[in-house]
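Trainee: Below: one structure in structure tokens.
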Amino acid sequence: MDPAEPDPTPPSAPAQSLSHRLAAALGVMPLPRGWHAAAAFGGLLAAGPLLTLAGATLLAQHERNATVRLQAQLAPRLGAEATARAARTALANAAGRAAPGPVLEVLAGVLPADARLTRVERTRDGGLELDVAGSDPDTLRAAIRRAPEFAGMRNTSQRRTDAAMIVSMREDAQ
């Protein structure tokens, strides 16, 4: 820095940053001033979530419609599958149970002498229902449960007739 010498050339300006260039570009654009600028900025802020909500609603409705269409297309197939499943279950229950003859033979062997068998039935699900008439319902129940084949029988009801007590029992399907 000698007063006789001229000033050295100033260093070259550094390259402008992205923020400087953006500010310069926005400087040439006409922007609203005052409360108009605040209102425009608030509108832009509110538009984002509102547009997101509207888009999500449209997408959800589209998916609901697609689900309804698929359910309508699959309804016959699902109905056939449920029918086939019920048929397989009924067949398995029927195949896995003893025939009526052996069941009656076992019952004849365990019932007291004064007891009479009034009804024997296989239910649709493969369970066994029976009605036995006799003088003492407790003796009837105990005699039936002594046989291992009828250990799962449970008492469903008992009623009195003119001559005897009728005990109803049921074995659930396994």
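Trainee: Which ones in the stretch 153-164 are in contact (Cβ under 8 Å) with a residue 12 or more places away in the chain and either part of a loop (DSSP other than H, G, I, E, B) or open to solvent by less than 40 Å² (accessible area, probe 1.4 Å) (or both)?
Mentor: Met153, Thr161, Ala163, Ala164 - these are the residues of the stretch 153-164 that are in contact (Cβ under 8 Å) with a residue 12 or more places away in the chain and either part of a loop (DSSP other than H, G, I, E, B) or open to solvent by less than 40 Å² (accessible area, probe 1.4 Å) (or both).
Trainee: Checking Thr67 against (1) over 17 Å from Val167 (Cα atoms); (2) assigned to a strand (DSSP E or B); (3) among the polar types (S, T, N, Q), which single condition isn't satisfied?
Mentor: All conditions are met except number (2).
Trainee: Taking the stretch 39-93 only, how many residues are among the charged types (D, E, K, R) and more than 30 Å from Arg124 (Cβ to Cβ)?
Mentor: Final tally of qualifying residues: 3.
Trainee: Among the residues in the stretch 120-139, are any basic (Lys, Arg) and touching a helix residue (DSSP H, G or I) at 6+ places or on another chain (Cβ under 9 Å)? Can you show your working first?
Mentor: Taking the stretch 120-139 as the starting set, the residues that turn out to be basic (Lys, Arg) are 122, 124.
Adding the requirement that they be touching a helix residue (DSSP H, G or I) at 6+ places or on another chain (Cβ under 9 Å) leaves 122, 124.
So far as the stretch 120-139 goes, yes, one or more of its residues are basic (Lys, Arg) and touching a helix residue (DSSP H, G or I) at 6+ places or on another chain (Cβ under 9 Å).
Trainee: Report every pair of residues separated by at least 6 positions or lying on different chains whose Cβ atoms are under 6 Å apart, first residue within the stretch 52-80 and in contact (Cβ under 8 Å) with a residue 24 or more places away in the chain, second surrounded by 10 or more Cβ atoms within 10 Å (Cβ to Cβ).
Mentor: Taking only residues 6 or more apart or on different chains, not a single pair turns up.
Trainee: Can you pull out the residues in the stretch 114-152 that are in a strand (DSSP E or B) and either over 25 Å from Leu91 (Cβ atoms) or touching a Gly at 6+ places or on another chain (Cβ under 6 Å) (or both)? Give the derivation first.
Mentor: Step one: filter the stretch 114-152 for residues in a strand (DSSP E or B), giving 116-122, 128-134.
Answer for the stretch 114-152, where residues must be in a strand (DSSP E or B) and either over 25 Å from Leu91 (Cβ atoms) or touching a Gly at 6+ places or on another chain (Cβ under 6 Å) (or both): Arg116, Leu117, Thr118, Asp131, Val132, Ala133, Gly134.
Trainee: Those residues that are more than 23 Å from Ala90 (Cα to Cα) and either in a loop (DSSP other than H, G, I, E, B) or in contact with a helix residue (DSSP H, G or I) (Cβ under 8 Å, 6 or more places away or on another chain) (or both), I need them from the stretch 165-174; list them, please.
Mentor: Met165, Val167
Trainee: I'd like to know if the stretch 89-112 contains one or more residues that are open to solvent by 60 Å² or more (accessible area, probe 1.4 Å), β-branched (Val, Ile, Thr) and more than 18 Å from Ser168 (Cβ to Cβ). Talk me through it step by step, then tell me what you get.
Mentor: Initial filter on the stretch 89-112 (open to solvent by 60 Å² or more (accessible area, probe 1.4 Å)): 89, 91-92, 94-96, 100, 102, 104-105, 108-109.
Checking the rest, the ones that are also β-branched (Val, Ile, Thr) come to 89.
Then drop every residue that is not more than 18 Å from Ser168 (Cβ to Cβ), which leaves 89.
So far as the stretch 89-112 goes, yes, one or more of its residues are open to solvent by 60 Å² or more (accessible area, probe 1.4 Å), β-branched (Val, Ile, Thr) and more than 18 Å from Ser168 (Cβ to Cβ).
Trainee: All but one of (1) of a type in the set (Gly, Ala, Ser); (2) modelled with pLDDT of 80 or more; (3) surrounded by 10 or more Cβ atoms within 10 Å (Cβ to Cβ) hold for Ala37; state the number of the condition that does not hold.
Mentor: Unmet for Ala37, out of (1) of a type in the set (Gly, Ala, Ser); (2) modelled with pLDDT of 80 or more; (3) surrounded by 10 or more Cβ atoms within 10 Å (Cβ to Cβ): (2).
The values are calculated or read from the model by the stated rules, or taken from the named source; none is laboratory data. This is a predicted model, so every value here is computed, not measured. In this analysis, Cβ positions are derived from the backbone assuming ideal geometry, glycine residues included, and neighbour counts consider all displayed protein chains. Heavy atoms of the whole protein, side chains included, go into the accessibility calculation; ligands, DNA and RNA do not. Shrake-Rupley method; radii C 1.70, N 1.55, O 1.52, S 1.80 Å.
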